[in-house]
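Working notes for the structure below.
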Amino acid sequence: MGKITVETCEIEGLKIITPTVFGDARGYFCETYNYNDYKTAGIPEVFVQDNQSASKRGVLRGLHFQKEFPQDKLVRVIRGEVYDVAVDLREGSPTFGKWHGVLLTEENKKQFFIPKNFAHGFLVLSEYAEFAYKCSDFYHPNDEGGIAYNDPEIGVEWSIPEGMELILSEKDTKWGGLSEYMAEKESAKGMI
């Protein structure tokens, strides 16, 4: 393979990808995505939408997911530094409710593959960050779900630097915890 290296995580399905970077006095070049290389590495998903966001230091986005139209995501940082987190929401998974975090920076050029049925979020650690991600399904605005970033049941260790003030969207301040999400899901099943 050679073009990418893939590191598996303790939560099955999550993968950290590091591309090969070719640099010289002019700068650098790296291939950020090649379907054949990713398929060989065990990531055969087809991505149909690319998204990009910019955020300032202290912005915390998440923990988000799509309920009926779940998405595989391949995330990376183009500029700056973020701490990226995925939470396993796969029913019946031995790691249900567990999380894994990875530092993504413009320097390390790492990517984080997050399969369907995981919640996702990130915290911006640099003064400014540009975040890009591929999705395997289109975004459906009425299908958004979320869990509180600070749900003690999940216990994400965000490693928030001392003195950093978090900046959250109004929506992200209103999500309930994992137990509330599961209760709502069970209730919805009963209504069918």
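Backbone geometry of region 26-43 corresponds, through the Karplus equation with coefficients 6.51, -1.76 and 1.60 at θ = phi - 60°, to 3J(HN,Hα) couplings of 7, x, 8, 9, 8, 8, 8, 6, 9, 3, 4, 5, 5, 4, 4, 7, x, 10 Hz, x marking Gly and Pro. When nucleic acids and ligands are ignored and a 1.4 Å probe is applied, residue 22 ends up with an accessible area of around 130 Å².
Global size of region 1-86: 14.9, 48 Å for Rg and Dmax (C-alpha atoms, Rg to one decimal, Dmax whole). Largest first, the extents of the alpha carbon coordinates of region 118-192 on the three principal axes equal 47, 30, 20 Å. Helix 178-190 sits at what angle to the longest principal axis of the chain, using alpha carbons and giving 0 to 90 degrees rounded to 10? Taking the Cα atoms of the chain, the angle to 178-190 is about 60 degrees.
Computed with a 1.4 Å probe over protein heavy atoms only, the accessible area of residue 35 comes to about 80 Å². In this entry, the chain is assigned a mean projected area of 12.2 nm², taken as a quarter of its C-alpha convex hull surface.
Think of it as helices only: each DSSP H run of n ≥ 4 in the chain is worth -39500 (n - 2.57), and spread over all residues that comes to -3000 deg cm²/dmol at 222 nm.
Partners of residue 73 within straight-line reach, counting lysines whose Cα lies under 23 Å from its Cα and excluding those fewer than 8 residues away in the same chain: 3, 15, 39, 56, 98, 109, 110, 116, 134, 171, 185. Calculated on C-alpha atoms, the gyration radius of region 45-157 divided by its Kirkwood radius gives an Rg/Rh of 0.94. Label-to-label distance for residue 166 and residue 128 is 2.5 nm, based on points extended 7 Å past Cα in the beta-carbon direction. Express the carbon and sulfur contribution to the solvent-accessible surface of the chain as a percent, rounded to the nearest whole number, probe 1.4 angstrom. For the chain, the apolar C and S fraction of the accessible surface comes to 50 percent. Accessible area per residue for the chain, computed on protein heavy atoms with a 1.4 Å probe, is 54 Å².
Put a dot 7 Å past the Cα of residue 34, heading toward its Cβ, do the same for residue 96, and the two dots end up 4.0 nm apart.
The values are calculated or read from the model by the stated rules, or taken from the named source; none is laboratory data. All of these numbers come straight from a predicted model, not from anything done at the bench. Methodologically, a virtual Cβ is constructed for each residue, glycine included, from the backbone with ideal geometry; neighbour enumeration extends over all protein chains shown. Areas reflect the complete protein model, heavy atoms only, side chains present, ligands, DNA and RNA absent. Shrake-Rupley method; radii C 1.70, N 1.55, O 1.52, S 1.80 Å.
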